[in-house]
Amino acid sequence: MAIFKRKNKKELFNDTMTNGVMLITEVEPKDVVSEQFRTIRTNVEFSAVDQEYKTLIFTSSSVSEGKSMVSANTAVTWAQQGKRVLFIDADLRRPTLHSTFGVSNTLGLTNVLTNTDIDYHSAIQSTRVENLSILTSGPVPPNPSELLNSDRMKKYIEALKKEYDLIIFDVPPMLQVTDTQIMAAYVDGVILVVRQGVAQQKAVSRSIELLEMVHAHLLGYVMNDVASRNGYGYGYGYGYGYGYGDTK
């Protein structure tokens, strides 16, 4: 079995910023890790007992916890299920979506929000994954929080909900900036990614408090890297669950 050296926090961050994240659900759909992402998808669907979730965000308390990895791979599994999925890079400070899918980031979300002459359809790009479209961040703006909290952003999301079955946002970590708290207030659900050995208990608790302040619908958490000692050569394990009280 191949052994993969676990990278430290700085190495993980630099690698993600440069190369994006690995889409194992696309390249190895039958891998045991891909099955874990499908489990995340299924559990989110089962949590929607009385309503249909159209907009979701994946976040974490701090950097290098794997939120972009989890959101990208889970988005792929929904597309593989046949849903029309739009994956949006709403991390306007440190975007990675364009690197993950190997596309241009010249035209993206910031262009749509700042230029009324741009048809938003022209900024959306198709991917090699059937049913999955992406909207990259576009150029890094000087005022990310203001753009995400604008009426134009909210109207844009409402328009997109009529065209896609599901819209997934990759957003910054909760404790870094206010952007995610803003987004969490008007999406249908939030999933918190918690990486073993990286996330601190107080940081996770504080993230939950911030989400509760804006009355965000916290669906559950994804425990990342919890099973890498049980023989997975890939080096990542994922689990979905509830239990926010345990973090206090």
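From the Cα gyration tensor of segment 93-193, with a ≥ b ≥ c the square roots of its eigenvalues, which class applies: rounded if a/c is under 1.5, or else prolate if a/b is larger than b/c, or else oblate? Rounded.
Modelled spin labels at Arg84 and Thr42, positioned 7 Å past Cα toward Cβ, are 2.7 nm from each other. Structure note, pairs Lys54/Lys155; Lys30/Lys154; Lys83/Lys155; Lys154/Lys202; Lys83/Lys154; Lys67/Lys202: Cα-Cα distances above 26 angstrom occur for Lys30/Lys154; Lys154/Lys202.
Computed from backbone phi with θ = phi - 60° and the Karplus coefficients 6.51, -1.76 and 1.60, the 3J(HN,Hα) list for segment 98-109 is 5, 5, 4, 9, x, 10, 6, 10, 5, 10, x, 4 Hz; x is used for glycine and proline. Along segment 129-141 the Karplus relation, 6.51 cos²θ - 1.76 cosθ + 1.60 evaluated at θ = phi - 60°, assigns HN-Hα couplings of 8, 4, 6, 10, 10, 10, 10, 6, 6, x, x, 5, x Hz to successive residues, with x for each Gly and Pro.
Computed from the coordinates by the stated procedures, all read-outs in this text should not be read as laboratory data. Bear in mind the structure is a predicted one, so any value in this text is a computation, not a measurement. Every residue, glycine among them, receives a Cβ derived from its backbone with ideal geometry; neighbour counts consider all protein chains shown.
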